[in-house]
Amino acid sequence: SKVLDFYILTNSLKDKIRSGVALWHITKDRLESIAEHIYGTCMLAIALDSEYDFNIDIKKAILMLTIHELEEITIGDLTPFDNITREEKIEKGEQAVSEILSGLVKKEEYLRLTKEYNAKKMEILSNF
């Protein structure tokens, strides 16, 4: 039942539209959901892994790309326009992911990936 509960919960991302489309007043008949965004980033990672010698662990990269986005189930697709600092977003996000993963045996392993992803994201953002 924990697997089914997780599956149903995560599938809610199919119905959540990314925040950027509203912020930038994008009007189209069909807007990208968060689930579609996850799919797209994973496909990009696979293509990059195929074509370039980045020497990355593609399984780890795909897990990071998908698990990182789970926070949006409960906290939404927060952006800098939501008056929240990066640190606050990371804290809220990690807490949300922890709750979402609570029924899974590999919860701690996946949380470590989230923390690693966020740490690298912060380093990248601080260089701009």
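The values are calculated or read from the model by the stated rules, or taken from the named source; none is laboratory data. Predicted model, so just to flag it, every value in this text is computed and none were measured. Cβ placement follows ideal geometry from the backbone for every residue including glycine, while neighbour counts extend to all protein chains displayed. Ligands, DNA and RNA are stripped out before the accessible areas are found, and what is left, the full protein with its side chains, is counted by its heavy atoms. Shrake-Rupley method; radii C 1.70, N 1.55, O 1.52, S 1.80 Å.
Solvent-accessible surface (1.4 Å probe) assigned to V105 amounts to roughly 150 Å².
Entry note, the chain: the mean residue ellipticity at 222 nm calculated from DSSP H runs of n ≥ 4, each adding -39500 (n - 2.57), is -20000 deg cm²/dmol after division by the residues and rounding to the nearest 500.
Shown for the chain is the translational diffusion coefficient from the Stokes-Einstein equation, using the Kirkwood radius over Cα pairs, a temperature of 37 °C and a viscosity of 0.692 mPa s: 207 µm²/s. Sorted largest first by accessible area at a 1.4 angstrom probe radius, with every protein chain in place, the residues L4, L9, L70, L104 fall in the order L4, L9, L104, L70. Over the chain, accessible surface divided per residue gives 70 Å², non-protein components excluded, 1.4 Å probe.
Of the listed pairs K2/K107; K2/K120; K60/K106, which have alpha-carbon separations greater than 21 Å here? The answer is K2/K120.
Note on the chain: with neighbouring protein chains present and a 1.4 Å probe, carbon and sulfur make up 57 percent of its accessible heavy-atom surface. Only Lys, Arg, Asp and Glu carry charge here, each on its Cβ (+1 for the first two, -1 for the last two); on that basis the chain has a dipole of about 140 debye about its Cα centre. A dipole drawn for region 34-91 from +1 and -1 charges on Cβ atoms has a positive end, and of S50, I67, L78 the residue lying farthest that way is S50. Computed with a 1.4 Å probe over protein heavy atoms only, the accessible area of K59 comes to about 140 Å². Here the Karplus curve 6.51 cos²θ - 1.76 cosθ + 1.60, taken at θ = phi - 60°, turns the phi angles of region 83-93 into couplings of 6, 9, 6, 4, 5, 5, 4, 5, 4, 4, x Hz, with x standing for Gly and Pro. Kindly write out, for region 32-39 in residue order, the coupling ³J(HN,Hα) from the Karplus curve 6.51 cos²θ - 1.76 cosθ + 1.60 (θ = phi - 60°), rounded to whole Hz, with x marking Gly and Pro. Each residue's phi maps through the Karplus curve to give 6, 7, 5, 4, 5, 4, 4, 4 Hz. Among residues other than G40 with Cβ under 12 Å from its Cβ, the summed charge is -2 (Lys and Arg +1, Asp and Glu -1). The heavy atoms of I90 present about 40 square angstrom of accessible area, all protein chains included, probe 1.4 Å.
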